Amino acid sequence: MVVPIGWKLRFVLRRLGILLVQVWGIVTIVFVLIQLLPGDPTYLLAGGLASDETRAALVQSLGLDQPIHVRYVKYLGNVLQGDLGRSYFTSKPVLDEVLRRFTATFELITFAFVIAIAVAVPLGILSAVSRGRLFKRIPFVYGMVAGALPEFWWGLMLILVFFVTLGIAPAPLGRIDVLIGAPTTITGVYTLDSVLTGNWAAFRSAFGHLILPGVTLAFVYAAPLLKMTRTQTMEALDSDYVRYARACGMPVRRINRGALRNALLPVITLSGLVYGYLISAAVLVETVFSWGGLGQFAVESVVNSDYLAVAGCVMFVAIFALTVYVFMDVLQFLIDPRTRGDLI
């Protein structure tokens with residue numbers, strides 16, 4: 001079924017409209033949380049020994065003496081202009097800090113997501129079509145092992161085995177060796193920037209530092225993808241339309257291709273959910289590996305009571321996840337005719 005351009009555009013505009021409403025709700029919730037959090041930002045900015053006059057001047061300059069609805073309108077206007085405030089701890093614009101650290105998190109979660117898909121989908125299909133008991137038990141055993149302990153514990157175990165014991169992994173101290181240094185910044189993604197600039201020493205170092213944290217996340221979050229792939233493939237191969245196609249003498253390859261296409265639709269939806277969730281799931285893994293990404297920055301901001309930085313991290317993570325979900329909705333709409341009924 002070919003979807004007319006008008007229906008595609010209407011669907012995309014509808015999803016974008018919902019996204020804007022959700023973003024407005026997120027900004028509002030973040031503003032309310034900032035007002036409810038304990039502590040006085042003037043003490044963080046001026047110090048505990050500052051005079052009352054100095055703190056009063058800071059209160060006036062920050063607009064904290066204004067009514068809450070005035071502060072909300074001002075905050076909303078600043079957010080629309082890309083101004084998330086200035087970090088109390090680093091004294092830099094929050095947006096600059098968030099964007100700089102997001103590239104590190106994006107590199108990590110994308111690498112982990114690719115590994116998870118490359119492992120989970122083939123293993124799930126193999127487990128569904130295999131007649132041996134060994135392959136059929138893989139999803140159950142793997143799910144039990146991966147889900148039994150949190151991801152940061154697996155990260156610590158990988159460090160213990162591959163860095164401390166075997167000595168074949170780099171030290172879990174950031175994204176690249178200190179002696180090599182970061183490549184010339186183009187995208188902020190070290191592995192990509194090193195390839196674009198032809199800095200292969202930086203690429204080897206950045207990729208080596210990426211393996212352990214990426215494998216840690218992929219190992220844990222490939223489990224639900226593996227189970228979903230296996231379940232949906234088994235249901236598709238055992239469905240009535242597949243039995244009918246076999247009875248009609250259709251080629252086995254063509255039958256399997258159609259069954260797998262139907263089976264992978266829920267897997268695509270779950271993949272989007274997993275990818276959107278990884279940005280928040282990477283917080284503890286980034287802390288374990290000193291990754292320097294958005295998650296580690298959020299933890300440091302909480303410890304330092306840097307509320308504007310915390311709000312910026314929360315807002316950015318939520319908007320990123322919602323954007324991923326909108327993209328998956330559009331992709332599902334384009335490949336699954338059953339989702340177009342309300343637009344026909």
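Descriptive notes on the structure:
- Sub-8 Å Cβ pairs linking a first residue in region 285-311 that is more than 19 Å from Val220 (Cα to Cα) to a second residue that is aromatic (Phe, Trp, Tyr) and not in a loop (DSSP other than H, G, I, E, B), at least 6 apart or interchain, are Gly293/Phe102; Leu294/Phe102; Leu294/Phe316; Ser301/Tyr307; Ala309/Phe297; Ala311/Phe31, ordered by first then second residue.
- Among the residues listed as Val145, Val161, Val178, the single one being assigned to a loop (DSSP other than H, G, I, E, B) and either in contact with a strand residue (DSSP E or B) (Cβ under 6 Å, 6 or more places away or on another chain) or surrounded by fewer than 17 Cβ atoms within 10 Å (Cβ to Cβ) (or both): Val178
- Residues of region 277-304 classified as in a loop (DSSP other than H, G, I, E, B) and among the charged types (D, E, K, R), total: 0
- Of residues in region 54-102 being charged (D, E, K, R) and part of a helix (DSSP H, G or I), the one modelled with the lowest pLDDT: Arg55
- Selection of first residues in region 80-103 that are under 10 Å from Ala309 (Cβ atoms) and open to solvent by 90 Å² or more (accessible area, probe 1.4 Å) and of second residues that are at pLDDT 85 or above and in a loop (DSSP other than H, G, I, E, B), restricted to Cβ pairs under 6 Å at least 6 apart or on distinct chains, gives an empty result.
- Qualifying residue in region 253-276 (condition: surrounded by fewer than 23 Cβ atoms within 10 Å (Cβ to Cβ), touching a residue at least 40 places away in the same chain (Cβ under 8 Å) and outside any helix (DSSP H, G or I)): no
- Some residue of region 337-344 being more than 22 Å from Lys92 (Cα to Cα) and surrounded by 18 or more Cβ atoms within 10 Å (Cβ to Cβ): no
The values are calculated or read from the model by the stated rules, or taken from the named source; none is laboratory data. This structure is a prediction, so every number in the text was calculated from the model and none was measured. Every residue, glycine among them, receives a Cβ derived from its backbone with ideal geometry; neighbour counts consider all protein chains shown. All accessible areas refer to the heavy atoms of the entire protein, side chains included, with ligands and DNA or RNA removed. Shrake-Rupley method; radii C 1.70, N 1.55, O 1.52, S 1.80 Å.
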